[in-house]
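A.B. asks: Here's a structure for you.
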Amino acid sequence: MARCLVLTLLFQVYCLVSTVGLPLPLDPTELLQLGGDVGGGRLSVDPADLREASGDFGGFTRAEPLAVYHPRGAGDVAALVRAAYSTGGLRVSARGHGHSISGQAQVPGGVVVDMSHSHGRKHASRALPAYSAAVGGHYVDVWGGELWIDVLNWTLANGGLAPRSWTDYLYLSVGGTLSNAGISGQAFHHGPQINNVYELDIVTGKGETVTCSATTNSDLFFGALGGLGQFGIITRARIALEPAPRKVRWIRVLYSNFTEFTADQERLISPKHGGRRFDYVEGFVVAAEGLINNWRSSFFSPQNPVKLSSLKQHTGVLYCLEVTKNYDDSTTNAATVDQEVDALLGDLNFLPGTVFTTDLPYVDFLDRVHKAELKLRSKGMWEVPHPWLNLFVPASRIADFDRGVFHGILGSRTSGGPILIYPMNKHKWDPRSSVVTPEEEVFYLVAFLRSALPGAPQSLEELARQNRQIIDFCADARIGAKQYLPNHKSQHDWEEHFGPERWARFASLKAEYDPRAMLATGQGIFPPSADSSAPLLSDS
Ligand code: FAD
């Protein structure tokens, strides 16, 4: 009843606004009086809530919403979206953990649904992991705003299970990464996170709750996976699990020759490589500032000190291959892992004397970036602008990319942060999902994870300019790269990103599931209809 009241009031507020056109300044205190904390979902115009929902990890785009909605569950999300839909299209944006770069979860003058904090949701309401041969094995049902770190801790504590496919950083929400792809060094083997989901509950842009899977409402299921939040808000995901290993052997080796580096990476992910394989394959570029001041580098010290000066004969860019082997801590397994790792490393062509190894618990490995986060936070180096650029580059052009970008555009300049580079196999990506990858079986993620630190040699503007140069280089050289976590400024660029066939499918799903184009408008893909009299996408 109380929830009904708040939604009715929200509706009335919106009607008031929309009768005179959008956007119309509304005194936030007015909305607070109308909304208030009334049980059910909580509509807030608290300045702290608005401030948080106005920004993101990128740190250079801000847009204030009218209000922030804290749902207690899927029913609240559906009620809010229904009310927004019936007003004619009040914009609504789910916010997972706000770790986007360019305002993708922001919604000026609309309502942000705070999925992550999920006020009032009780730990006890989490579902236990289960097993079903019919589903495909072990799985767990989780809230769409759950953070991956919490999913991991929960499934480990309840059966020693863990999701199979990861991101490097676990303080991201399930709905947020599934709306992109969710990739890390396991993707070559298990596919991205979107390939490791059995079922979703989605609140569509009409406020309808739809359960979908590969066999039921499959167009919505695959559309939403990698769908940039365009077709609905994911409120529940059924995640595939496996028995979790206990320990990880984590190994890094260095290369000065890019061709050998990528040949080894590609050999390691090749299905032809046989039964023996690492469990995780990544890599990164060791640019001018070397291994210091790089949040991927902590591993090299203190047990494994490495100085670039000791590699002086290799001038310029170095490349680091990073692999892991999982094992449990029984003596037999520990002995076997030595043999397996030696055999796998024996096939590789890295620089002699550059093997850096450490053993650690599986959870510590998965949660490695958080440790770096805490260090950076303590030095005031986390909450700074992050002009990140992520590209998928086809394997056939990765050497051209190296020449043009690492040796050309970047040259001896500092990169401003880690540059990841690792390959994946396209056949592990379901072609029915919405995510766009290059037209080749093997493609690389190249991730420029930059921070614009105060007083650093390169300003935010300069790093952003460099990103533009890299994108332009790829276009001019016809590299065939696709942006991951894409950010395009015009509809034409979006259409080019998808290509004609995929764009037609994406637009038709949008017309069906979010006809007023009111969801996740921060992605900038479809212009929202300005008022209730505007034609629905499906009418056009
Ligand atoms: P938000 O930024 O809150 O939202 C992203 C988009 O998804 C928005 O458009 C939003 O409206 C929409 N959305 C959010 N929740 C839902 C939902 N429940 N249903 C539907 N739509 C929703 N990505 C990788 O693949 N691999 C990595 O290793 C990786 N590492 C990262 C490390 C760091 C430090 C950071 C900041 C990001 C990293 N990312 C990585 C990128 C990350 O996957 C995306 O930024 C993702 O969108 C972040 O999730 P979020 O929960 O913060 O989403």
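The values are calculated or read from the model by the stated rules, or taken from the named source; none is laboratory data. Not measured: the values here are computed from a predicted model. FYI the Cβ positions are ideal-geometry reconstructions off the backbone, even for glycines, and counts take in every protein chain you see. For the accessible areas, the whole protein counts, side chains as well, though only heavy atoms, and no ligand, DNA or RNA atoms are used. Shrake-Rupley method; radii C 1.70, N 1.55, O 1.52, S 1.80 Å.
A.B. asks: Quick one: putting +1 on the C-beta of Lys and Arg, -1 on the C-beta of Asp and Glu, what dipole do you get for the stretch 236-289 around its Cα centre, in Debye to the nearest 20?
C.D. replies: My answer is approximately 480 debye.
A.B. asks: Send over a whole-number figure in Å² for the accessible area per residue of the stretch 362-453, probe 1.4 Å. Don't skip to the end; give the middle numbers.
C.D. replies: Details: 3250 Å² over 92 residues.
Per residue, the stretch 362-453 has 35 Å² of solvent-accessible surface.
A.B. asks: What FRET efficiency, computed as 1/(1 + (r/R0)^6) with R0 = 22 Å and r the Cβ-Cβ distance, is obtained for Asp219 and Arg276, rounded to the nearest 0.05? Write down the numbers at each step before the final one.
C.D. replies: Working: r = 39 Å, r/R0 = 1.78.
Calculated transfer efficiency: 0.05.
A.B. asks: With point charges of +1 on the Cβ of Lys and Arg and -1 on the Cβ of Asp and Glu, referenced to the Cα centre of the stretch 312-373, which listed residue (Thr358, Gln339, Asn326) lies farthest in the positive direction of the dipole?
C.D. replies: Value computed over the given set: Thr358.
A.B. asks: Stokes-Einstein D for the stretch 353-441 at 4 °C, 1.567 mPa s, Kirkwood Rh over Cα pairs, in µm²/s?
C.D. replies: Details: Rh = 16.9 Å.
Approximately 77 µm²/s, per Stokes-Einstein.
A.B. asks: Could you sort Tyr327, Tyr319, Tyr131, Tyr198 by their accessible area in this structure, using a 1.4 Å probe and putting the largest first?
C.D. replies: Numbers: Tyr327 25, Tyr319 0, Tyr131 145, Tyr198 50 Å².
The residues order as Tyr131, Tyr198, Tyr327, Tyr319, largest area first.
A.B. asks: Taking the Cα centre of the stretch 123-208 as origin, work out the dipole magnitude from +1 charges on Lys and Arg Cβ and -1 charges on Asp and Glu Cβ, in debye rounded to 20. Before the final figure, lay out each step's value.
C.D. replies: Details: 3 positive and 7 negative charges, 23 e Å.
The calculated dipole for the stretch 123-208 is roughly 100 debye.
A.B. asks: Using a 1.4 Å probe on the protein heavy atoms only, what accessible surface does Ser490 show? Give it in Å² to the nearest 10.
C.D. replies: 40 Å²
A.B. asks: Suppose every Lys and Arg Cβ carries +1 and every Asp and Glu Cβ carries -1, with no other charges. What dipole size does the stretch 379-439 come out with about its Cα centre, to the nearest 20 debye? Provide the component values of the computation, followed by the final result.
C.D. replies: Working: 7 positive and 5 negative charges, 13 e Å.
In total the dipole reaches around 60 debye.
A.B. asks: Here's a follow-up. For labels at Arg51 and Ala127 in the simple 7 Å Cα→Cβ model, what's the distance in nm?
C.D. replies: 3.8 nm
A.B. asks: Let me ask you something else. So if we plug the beta-carbon distance of Tyr171 and Leu360 into 1/(1 + (r/R0)^6) with R0 = 22 Å, what FRET efficiency do we get, rounded to 0.05? Walk me through the intermediate numbers first.
C.D. replies: Details: r = 19 Å, r/R0 = 0.86.
After rounding to 0.05, the efficiency reads 0.70.
A.B. asks: Rounded to the nearest percent, how much of the accessible area of the stretch 320-453 (1.4 Å probe, protein heavy atoms only) is carbon and sulfur? Walk me through the numbers before you get to the answer.
C.D. replies: Working: 2800 of 5210 Å².
Roughly 54 percent of what the probe reaches on the stretch 320-453 is carbon or sulfur.
A.B. asks: Next up: State the percentage of accessible surface on the stretch 93-200 attributable to carbon and sulfur atoms; use a 1.4 Å probe and exclude ligands, DNA and RNA.
C.D. replies: On the way: 1720 of 3250 Å².
So the carbon and sulfur contribution to the accessible surface is 53 percent.
A.B. asks: Quick one: which of 181-193, 491-503 comes out on top by average Cβ neighbours within 10 Å, and what's the full order, highest first? Walk me through the numbers on the way to the answer.
C.D. replies: Values: 181-193: 24.8, 491-503: 14.2.
The densest-packed peptide leads the list: 181-193, 491-503.
A.B. asks: Give me the distance between the Cα centres of the stretch 212-259 and the stretch 459-489, rounded to whole Å.
C.D. replies: Cα centroid of the stretch 212-259 versus Cα centroid of the stretch 459-489: 25 Å apart.
A.B. asks: When N counts the residues of the stretch 461-524, how does its alpha-carbon radius of gyration compare numerically with 2.2 N^0.38 Å, as a ratio? Provide the component values of the computation, followed by the final result.
C.D. replies: Working: Rg = 14.0 Å, N = 64, 2.2 N^0.38 = 10.7 Å.
After normalising by residue count via 2.2 N^0.38 Å, the value is 1.31.
A.B. asks: What is the gain in length, in nm to one decimal, between Ile409 and Met381 on full extension, counting 0.36 nm per residue of separation less the C-alpha to C-alpha distance? Please report the intermediate quantities before stating the final value.
C.D. replies: Numbers: separation 28, 0.36 × 28 = 10.08 nm, distance 2.51 nm.
Taking Ile409 through Met381 to full extension adds about 7.6 nm, to one decimal.
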